[in-house]
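Trainee: There's a structure below that I have some questions on.
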Amino acid sequence: MRFLAVVLSLVLSAPVSAEQLTVSEGTIQVDIMAKDLNAPWAVGFLPNGRAVITERGGRLWYLSADGRHPVSGLPKVHVERQGGLLDVVVAKDFATSREIFLSYVAAKGRRYGTTLAKARLSKDHRKLTNIHVLYTQPNKTGKTHHFGSRIVEARNGDLFLTVGDRGAPDLAQDPTVPNGKVIRVSRDGSRVSVHSIGHRNPQGAALDARGQLWTVEHGARGGDEVNKPDAGKNYGWPVISYGRHYSGLKIGDGTTKAGMEQPAFYWDPSIAPSGMMIYDGDMFLAWRGDIFVGSLKFDFIARLEETSSGLQQVEALFEDKFERIRDVRQAPDGSIWFLSVGAGALYRISR
């Protein structure tokens, strides 16, 4: 009951603008939880029912019942084009460790790379301390796109970090470099391994109820993919793809090749996917087990479910209503929160 009271306090005390919308689950309510955000990238939930939000420009916010407060003490972040402060994940044991995980772009001279760090959040939620870089891309380059950069905490406490191909597609097939990979890092940073290869630019990742990792990645012109990356497997980029180069030319060898995995689902045309959540809450029982993915291009949240013919998109929530959806997360109370880059706002979906 105490947790529920905290959640309700946040909902009722934050600046709220409510709207009733109709979806497959019936009538739902969408509330604005935070406004005037600048290029928001990710949201994470604290045990007290509050939230933290990243802005790509290098700011971390603590969202409390009385408004939004800046968090100081961040690592040095390089902000350029697609790079900046990106994902945030609150550790499962935050109540005792007070740790959060951040992904961002770090610079060495004029060379940049995807980086993963952990830090402690002060008791007043206004400052980070004990920053520890767990992993940084060793082969940094001058390119400023395809950083990937979603974080997922595995059941054993390890961290999955997605890294895009960094504009060097062929390196996604080279297991000795992080480009186009899912990297697995131990909680203390002492163990780093390549989990899977052949990814283009994964900007969404989540665990399902069995602890299996899923990712969603940008294709080129078509070929955005949902994958279920297993350790040691190759997901094809840029040898196989269901898309084409932006010039219209064929990519690689086609859509299949021995030793390379097929996507669980793909979009053509591309939706520019970013942010992924697999729902397991109690607020929307009919959606349990469904995958939710934000679309930056078509301004909707794709809902995918397992059907007799495999994984399928069965609904496009809020199409053309919320511009450039960057992140989708399930809150501890079972509500669904999402970030709109175009609106510069954080929203909450509830009954």
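The values are calculated or read from the model by the stated rules, or taken from the named source; none is laboratory data. All figures in this text were calculated on a predicted structure; none of them were measured in a lab. Counting neighbours? That spans all protein chains shown, and the Cβs are built from the backbone with ideal geometry, glycine included. Note: accessible area is taken over every heavy atom of the protein model, side chains too, but ligands, DNA and RNA are not part of it. Shrake-Rupley method; radii C 1.70, N 1.55, O 1.52, S 1.80 Å.
Trainee: Given the structure, is Met260 aliphatic (A, V, I, L, M), out of contact with any Ser or Thr (no Cβ under 9 Å at 6 or more places or on another chain), surrounded by fewer than 24 Cβ atoms within 10 Å (Cβ to Cβ) and in a loop (DSSP other than H, G, I, E, B)?
Mentor: yes
Trainee: Something else about it: Restricting attention to region 113-127, which residues are among the basic types (Lys, Arg) and within 20 Å of Gly148 (Cβ to Cβ)?
Mentor: If the condition is that a residue be among the basic types (Lys, Arg) and within 20 Å of Gly148 (Cβ to Cβ), then Lys118 is the only one that fits.
Conditions tested, residue by residue: (1) modelled with pLDDT of 95 or more; (2) farther than 18 Å from Val328 by Cβ; (3) not small (Gly, Ala, Ser).
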site	(1), (2), (3)
Gly252	yes, yes, no
Ala258	yes, yes, no
Pro269	yes, yes, yes
Pro273	yes, no, yes
Phe284	yes, no, yes
Gly289	yes, no, no
Gly294	yes, no, no
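Trainee: Filtering region 282-311 down to residues that are over 20 Å from the mean Cα position of the chain (by Cα) and not hydrophobic (A, V, I, L, M, F, W, C), which residue is farthest from Pro202 (Cα to Cα)?
Mentor: Asp282
Trainee: On to the next question. I need the full set of residues from region 78-101 which are over 26 Å from Pro178 (Cα atoms) and assigned to a strand (DSSP E or B), in order please.
Mentor: Hits for region 78-101: nothing passes.
Trainee: Cβ-Cβ below 9 Å, separation at least six or inter-chain, first residue in region 275-291 and without any contact (Cβ under 8 Å) to a residue 12 or more places away in the chain, second part of a loop (DSSP other than H, G, I, E, B) and not aliphatic (A, V, I, L, M): which pairs?
Mentor: Matching pairs, first to second residue: Leu285/Glu25; Arg288/Tyr279; Arg288/Asp280; Arg288/Gly281; Arg288/Asp282.
Trainee: While we're on this one: Can you report the number of residues in region 136-178 which are acidic (Asp, Glu), closer than 13 Å to Pro238 by Cα, touching a residue at least 24 places away in the same chain (Cβ under 8 Å) and part of a loop (DSSP other than H, G, I, E, B)?
Mentor: Residues in region 136-178 being acidic (Asp, Glu), closer than 13 Å to Pro238 by Cα, touching a residue at least 24 places away in the same chain (Cβ under 8 Å) and part of a loop (DSSP other than H, G, I, E, B): 1 in total.
Trainee: Tell me, yes or no, whether region 114-124 has at least one residue that is over 21 Å from the mean Cα position of the chain (by Cα) and at pLDDT below 95.
Mentor: no
Trainee: Something else about it: Of everything in region 179-201 that's in a loop (DSSP other than H, G, I, E, B) and among the basic types (Lys, Arg), which residue is surrounded by the fewest Cβ atoms within 10 Å (Cβ to Cβ)?
Mentor: Arg191
Trainee: With the checklist (1) in a loop (DSSP other than H, G, I, E, B); (2) at positive phi in hand, flag the one item Gly275 doesn't pass.
Mentor: (1)
Trainee: Please go through region 202-243 and pick out each residue that is in contact with a Gly (Cβ under 9 Å, 6 or more places away or on another chain), open to solvent by 30 Å² or more (accessible area, probe 1.4 Å) and not in a loop (DSSP other than H, G, I, E, B).
Mentor: Hit for region 202-243 is Arg221, nothing else.
Trainee: Tell me yes or no: at least one residue of region 244-254 is open to solvent by 70 Å² or more (accessible area, probe 1.4 Å), in contact (Cβ under 8 Å) with a residue 60 or more places away in the chain and either out of contact with any Ser or Thr (no Cβ under 9 Å at 6 or more places or on another chain) or part of a loop (DSSP other than H, G, I, E, B) (or both).
Mentor: no
Trainee: Another one. Please enumerate the residues belonging to region 24-59 that are assigned to a strand (DSSP E or B), touching a residue at least 12 places away in the same chain (Cβ under 8 Å) and more than 18 Å from Val90 (Cα to Cα).
Mentor: Ile28, Gln29, Val30, Asp31, Ile32, Met33, Ala34
Trainee: I would also like to ask the following. Would you call Asp31 surrounded by fewer than 20 Cβ atoms within 10 Å (Cβ to Cβ) and closer than 30 Å to Leu21 by Cα?
Mentor: When the stated conditions are applied, Asp31 passes them.
Trainee: Also, quick follow-up: For region 102-135, give me each residue that is assigned to a loop (DSSP other than H, G, I, E, B), open to solvent by 30 Å² or more (accessible area, probe 1.4 Å) and within 18 Å of Ile53 (Cα to Cα).
Mentor: Ser122, Lys123, Asp124, Arg126
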